[in-house]
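The values are calculated or read from the model by the stated rules, or taken from the named source; none is laboratory data. On a predicted model such as this, the values are computed, not experimentally measured, just so you know. Counting neighbours? That spans all protein chains shown, and the Cβs are built from the backbone with ideal geometry, glycine included. Side chains are part of the model used for accessible areas, which takes the heavy atoms of the whole protein and leaves out ligands, DNA and RNA. Shrake-Rupley method; radii C 1.70, N 1.55, O 1.52, S 1.80 Å.
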Amino acid sequence: MDAKRNDLLTGFYEKMVLINTVESSLLNLFAEGLLRGTVHTCLGQEAIPTGVCAALEPGRDIVCSNHRGHGHFLAFGGEARPLIAEIMGDASGVCRGIGGSQHIQLGNFYSNGILGGMSPVATGMALAEKRKGSGGVVVQFLGDGALAEGVVSEAFNMAALWSLPILFAVESNGFAQSTPTALEHAGKLSARGAPYGIPITELDGNDVLAVHAAAQEAVGAARGAGGPQILFMNTYRLGPHSKGDDPRDPAEIARHAEQAPIPRARAGLDPEWCDTTDHRIAAEVAAIIQGIRSARIAAQ
Amino acid sequence: MNAPLPASTTYAKSLNAALLEMMREDERIYFLGEDILDPYGGAFKISKGLSSAFPDRVITTPISEAGFTGLATGMALRGLRPIVEIMFGDFLAIAADQIINHMAKFVTMYGRDLEVPVVVRTPMGGGRGYGATHSQSLEKIFLGTPNLTVVAPSHAHDPGQLLRNAVALGRPVLFIEHKMLYPETLLASGGALMIEPLTDEPFPTMLMKNFSRGAADVLIVAYGGMSRLLAPLARQMAEEEINLAIALPALLSPMTVAPLLPLAAQCGRVLLVEEGTTGFDWGAEVAAQLYAATYKTLKAPIARLASRAEIIPTSTAGENAMLVGAADIESKILELLA
């Protein structure tokens, strides 16, 4: 592995471990009764937000995210503390505790909890950026389940019709909540954008370097007047859909865990450095949570 | 904010002229909708001439009401000021998720106020024989939605000016136009009728009176297309020496009855009229608010008229029987005075 590739991978590894640690901590907080409502974690899908957002220009490009958006927020430059505080319903959160897990906005980051609903909104943002001549590209993250929503097809059509600078980043984890893809979708799911003439790249969404390379190419094409792009990234959600209640076979999950993005990246890195990094990030996230809890107790 | 009414222009021309002016003045304004390009100029011709004058900012859309309503929200979040035309108000049901769960939510859902300057304008109402899915007054579904302003100018208003005020608001506005008002000449004081604004707000309540001396016998509160029935009825009843004060709010939601209270207290008889179907309607909210504030001075229970809670028939006889009409209003007034 060359030095540049190694630098990229170490950076991606740190980001993916941060996402993984935050998500695991949120599930623990839920179990402790310190979170209310719901959380949808992206455990096992860390490569997609990490690789895609690394291909974006902060301040110029825009991310539209969904219910499973913590990883997108962290990968797009959002800080862990205000995110965790937000999800804990704390007034120091990124949206003062009003938005919560699924409704977060900061700078050029927007998320909402209606599946597929952000597709036309993101497309409108791309239209605005194109008309303003900002050179900005919009990335909309959506899952395979959301592809069944009608507005996603409407957005594909409009984005292609008007050749808009948008990347639809599909995180295909094989399940819509508890329903496997085969029970929900007819036809070839990865080809959904093809009738509109949108270029589609299907790839292994657990290979962070591959995701990054594909995203760079797709974002570059969108920015260069190539119109909308689709990345169809195959992955697997290792955690439950939300906070528990996972009907999948544990053996199946364990099999996928071996192929998850973090162990895959780790195989190309120094194991000692990885261990040190894991511990450092775990301590940082634990300190953040402890800080929020202490402030909450002090305020009571 | 509200310029004097232009002399003898129609409701449709007022809107069309306002659109042309606004787009000339502000490059952030875009106009989106189905079949809006010249020479067709929109199903009701409100966008006539727009695409010729501003070809880059008038965007004809696919038949995707949810899609292009969401599109407008995204444009608004990124600094543009889109105006969306939904060809028939009935189709708002298709765009409801984008309006309720996206456009209106973004205003305050993120813990601070975001500018979401989108105006969604659409024709509602019956009277043209379009049948059950092209004649409804569905605005009541959207009343009370947080962060969504619902405006419905009557033809005693200057609809073009109200549209300008809607665009200037910087927040999502649902702008309801009764399709039977489009060809109507805007009302102005004259003959038996005196028309004046009751409030000085971006979306004012207009007061139409058919008497110059004495007090009102009945206060009628109605909105939008009901002015088309009420103006001739008021003229007719002036000859019968029945004094009517007709308040026509343009702002349906959020709504306060405060400006109506002096009139309501003075005459003690109130009739609420709307074209939407009866039950869980605009009048219910107005009645509840009015009652709480005026029950001590009411001389009769607040009366309400709306259309029957049925689908709208296509046949002339069926549609006339189902929709609230001038004869229904007249008999209700006489009932109140009996």
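A few comments on the model shown:
- Tally, over the stretch A:118-137, of residues that are in contact (Cβ under 8 Å) with a residue 24 or more places away in the chain and buried (at least 24 other Cβ atoms within 10 Å of the Cβ): 11
- Inter-residue pairs, beta-carbon under 9 Å, first over 14 Å from A:SER101 (Cα atoms) and in the stretch A:68-79, second assigned to a loop (DSSP other than H, G, I, E, B) and open to solvent by 20 Å² or more (accessible area, probe 1.4 Å), 6+ apart: A:ALA75/A:ALA54; A:PHE76/A:PRO58; A:PHE76/A:GLY107; A:PHE76/A:ASN108; A:GLY77/A:PRO58; A:GLY77/A:GLY107
Yes/no per residue for (1) open to solvent by less than 10 Å² (accessible area, probe 1.4 Å); (2) within 18 Å of A:CYS42 (Cβ to Cβ):
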position: A:GLU79; (1), (2): no, yes
position: A:LEU83; (1), (2): yes, yes
position: A:ILE87; (1), (2): no, yes
position: A:GLY97; (1), (2): no, no
position: A:VAL139; (1), (2): yes, yes
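- Number of positions in the stretch A:99-113 that are under 22 Å from A:SER24 (Cα atoms), more than 7 Å from chain B (Cβ to nearest Cβ) and open to solvent by 20 Å² or more (accessible area, probe 1.4 Å): 2
- Residue match in the stretch A:202-219 (condition: open to solvent by 10 Å² or more (accessible area, probe 1.4 Å), touching a residue at least 12 places away in the same chain (Cβ under 8 Å), of a type in the set (A, V, I, L, M, F, W, C) and not in a helix (DSSP H, G or I)): yes
- For the stretch A:262-278, the set of residues classified as loosely packed, with under 14 Cβ neighbours inside 10 Å and under 22 Å from A:ASP204 (Cβ atoms) consists of A:PRO263, A:ALA267, listed by residue number.
- Among the residues of the stretch A:40-48, not a single one is part of a helix (DSSP H, G or I), modelled with pLDDT of 95 or more and under 26 Å from A:ASP90 (Cα atoms).
- Enumeration of residues in the stretch B:61-93 that are assigned to a helix (DSSP H, G or I) and under 20 Å from the mean Cα position of the chain (by Cα): B:THR69, B:GLY89, B:ASP90, B:PHE91, B:LEU92, B:ALA93
- Enumeration of residues in the stretch A:119-149 that are more than 18 Å from A:GLY224 (Cα to Cα), more than 7 Å from chain B (Cβ to nearest Cβ) and part of a helix (DSSP H, G or I): A:SER119, A:GLY145, A:ALA146, A:LEU147, A:ALA148
- Positions within the stretch B:234-253 being open to solvent by 10 Å² or more (accessible area, probe 1.4 Å) and not polar (S, T, N, Q), in sequence order: B:ARG235, B:ALA238, B:GLU239, B:GLU240, B:GLU241, B:ILE242, B:PRO249, B:LEU251
- If you go through the stretch B:79-97 and keep only what is within 7 Å of another protein chain (Cβ to nearest Cβ) and either within 17 Å of B:SER47 (Cα to Cα) or surrounded by fewer than 21 Cβ atoms within 10 Å (Cβ to Cβ) (or both), you end up with B:GLY79, B:ASP97.
- Residue match in the stretch A:170-182 (condition: in contact with a Leu (Cβ under 8 Å, 6 or more places away or on another chain), farther than 15 Å from A:LEU115 by Cβ and either part of a loop (DSSP other than H, G, I, E, B) or without any contact (Cβ under 8 Å) to a residue 60 or more places away in the chain (or both)): no
- Residue that is touching a Pro at 6+ places or on another chain (Cβ under 8 Å) and open to solvent by 10 Å² or more (accessible area, probe 1.4 Å), where the choices are B:THR69, B:THR61, B:THR10, B:THR73: B:THR10
- Residues in the stretch B:102-143 that are touching a strand residue (DSSP E or B) at 6+ places or on another chain (Cβ under 7 Å) and part of a helix (DSSP H, G or I): B:LEU138, B:GLU139, B:LYS140.
- Residue satisfying all of: in the stretch A:142-188; among the acidic types (Asp, Glu) and within 16 Å of the chain's Cα centre (by Cα); surrounded by the fewest Cβ atoms within 10 Å (Cβ to Cβ) among these: A:ASP144
- Within the stretch A:239-261, one or more residues are out of contact with any Gly (no Cβ under 9 Å at 6 or more places or on another chain), open to solvent by less than 80 Å² (accessible area, probe 1.4 Å) and of a type in the set (A, V, I, L, M).
- Test: residue in the stretch A:80-96 that is free of Cβ contacts under 8 Å to residues at least 40 places away in the same chain and at the interface with chain B (Cβ under 7 Å from one of its Cβ atoms): yes
- Check on B:PRO117, closer than 19 Å to B:LEU252 by Cα, more than 14 Å from every other protein chain (Cβ to nearest Cβ) and touching a residue at least 40 places away in the same chain (Cβ under 8 Å): no
- Once the stretch B:260-279 is narrowed to residues that are over 18 Å from the mean Cα position of the chain (by Cα) and open to solvent by 10 Å² or more (accessible area, probe 1.4 Å), the residue that is nearest to B:LEU334 (Cα to Cα) is B:ARG269.
- Hey, A:GLY116 more than 8 Å from chain B (Cβ to nearest Cβ), within 19 Å of the chain's Cα centre (by Cα), outside any helix (DSSP H, G or I) and not hydrophobic (A, V, I, L, M, F, W, C) or not: yes
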